[in-house]
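Asker: The structure is given below, and queries will be raised subsequently.
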Amino acid sequence: MNYNSHGTNTISIGCFDEFDVNRSKNLMRIFYELKKGTDCLYVCCFRLCSADESAVLQIIDKCTTMGGFKNIEFDGFQLSFFVDANFEFKVIAKVLSELFFTFESPFFFFSKRAVNNEKVFQFLSDSVASSSLITSLLTGYVAYKEVEDDILWIRKSESESFECITKQLEQS
């Protein structure tokens, strides 16, 4: 897979297609690499890609059934929850991949240490907040989608590295 660097703290990776099994697996591998060494995952997704909420409700049902997902909230526009470090991440990588294709604006914050989840959700849901603001205040990675449906953007804190991700991409 190809990626582009945008300065020292941001990369973009494309192209992902939910109907291409190999590319969906690559997306899950990237999420898996991002989770290594982090304590918490905070998820905040905005605007469904379609008017049909059934896909999100199925994802929420799956998350509820598996357990480990905390503070799941969905209001028809925004979905948010967090997962602590004790959860088996191979399972959630599939959920994140599904959310990537279900929402227009998914944000996934992989935090190096657990922080007050209300504070993180406030940052993620604030329209003024950006990945650079989040990674300057909190240590970790933010993975997100912008205008392009098939491009994953990743921003890291200054102290972090993209090495694990770029190695994964070079092997793909």
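Asker: For GLU148, work out the one condition from (1) of a type in the set (D, E, K, R); (2) in contact (Cβ under 8 Å) with a residue 24 or more places away in the chain; (3) more than 13 Å from ILE13 (Cα to Cα); (4) loosely packed, with under 14 Cβ neighbours inside 10 Å it doesn't fulfil.
Answerer: (3)
Per-residue answers, yes or no, for (1) buried (at least 20 other Cβ atoms within 10 Å of the Cβ); (2) modelled with pLDDT under 85; (3) small (Gly, Ala, Ser):
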| position | (1), (2), (3) |
| --- | --- |
| ARG23 | no, yes, no |
| CYS45 | yes, no, no |
| SER54 | no, no, yes |
| GLY76 | no, no, yes |
| PHE101 | no, no, no |
| PHE109 | yes, no, no |
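Asker: Could you tell me whether segment 31-43 includes any residue that is surrounded by 14 or more Cβ atoms within 10 Å (Cβ to Cβ), part of a loop (DSSP other than H, G, I, E, B), at pLDDT 85 or above and not aliphatic (A, V, I, L, M)? Reasoning before the result, please.
Answerer: Start the filter on segment 31-43 by keeping residues that are surrounded by 14 or more Cβ atoms within 10 Å (Cβ to Cβ), which leaves 31-35, 38-43.
Those still in the list that are part of a loop (DSSP other than H, G, I, E, B) too: 38-39.
Among the residues that remain, those that are also at pLDDT 85 or above are: none.
The answer is no, given that none of the residues of segment 31-43 is surrounded by 14 or more Cβ atoms within 10 Å (Cβ to Cβ), part of a loop (DSSP other than H, G, I, E, B), at pLDDT 85 or above and not aliphatic (A, V, I, L, M).
Asker: Residues in segment 123-141 that are assigned to a loop (DSSP other than H, G, I, E, B) and at pLDDT 75 or above: how many? Show your work before the answer.
Answerer: Looking only at segment 123-141, we keep the residues that are assigned to a loop (DSSP other than H, G, I, E, B), and these are 126-130, 138-139.
If we keep only those that are at pLDDT 75 or above as well, we get 130, 138-139.
Final tally of qualifying residues: 3.
Asker: If I filter segment 87-99 down to residues being under 15 Å from TYR42 (Cβ atoms) and not aliphatic (A, V, I, L, M), which single residue comes out as nearest to the chain's Cα centre (by Cα)? Break it down into steps so the answer makes sense when it comes.
Answerer: Filtering segment 87-99 for residues under 15 Å from TYR42 (Cβ atoms) gives 87, 89, 92, 95-96, 99.
So of that shortlist, the ones also not aliphatic (A, V, I, L, M) come out as 87, 89.
On the way: PHE87: 15, PHE89: 12 Å.
Selected residue: PHE89.
Asker: What's the total number of residues in segment 105-122 that are in contact (Cβ under 8 Å) with a residue 40 or more places away in the chain, outside any helix (DSSP H, G or I) and farther than 18 Å from ARG155 by Cα? Before the answer, list the steps.
Answerer: Of all residues in segment 105-122, those in contact (Cβ under 8 Å) with a residue 40 or more places away in the chain come to 105-115, 117, 120-121.
This time we only want the ones that are outside any helix (DSSP H, G or I), so: 105-115.
Those still in the list that are farther than 18 Å from ARG155 by Cα too: 114-115.
Number satisfying all stated conditions: 2.
Asker: Across segment 39-81, what is the number of residues that are more than 15 Å from PHE103 (Cα to Cα) and in contact (Cβ under 8 Å) with a residue 40 or more places away in the chain?
Answerer: Of the residues in segment 39-81, the ones more than 15 Å from PHE103 (Cα to Cα) are 39-42, 61-72.
Filter again for in contact (Cβ under 8 Å) with a residue 40 or more places away in the chain, leaving 39-42, 70-71.
Adding up the residues that qualify gives 6.
The values are calculated or read from the model by the stated rules, or taken from the named source; none is laboratory data. The shown structure was predicted, so the numbers you read here are calculated from the model rather than taken from an experiment. Glycine gets a Cβ as well: all are built from the backbone with ideal geometry, and neighbour counts include every protein chain shown.
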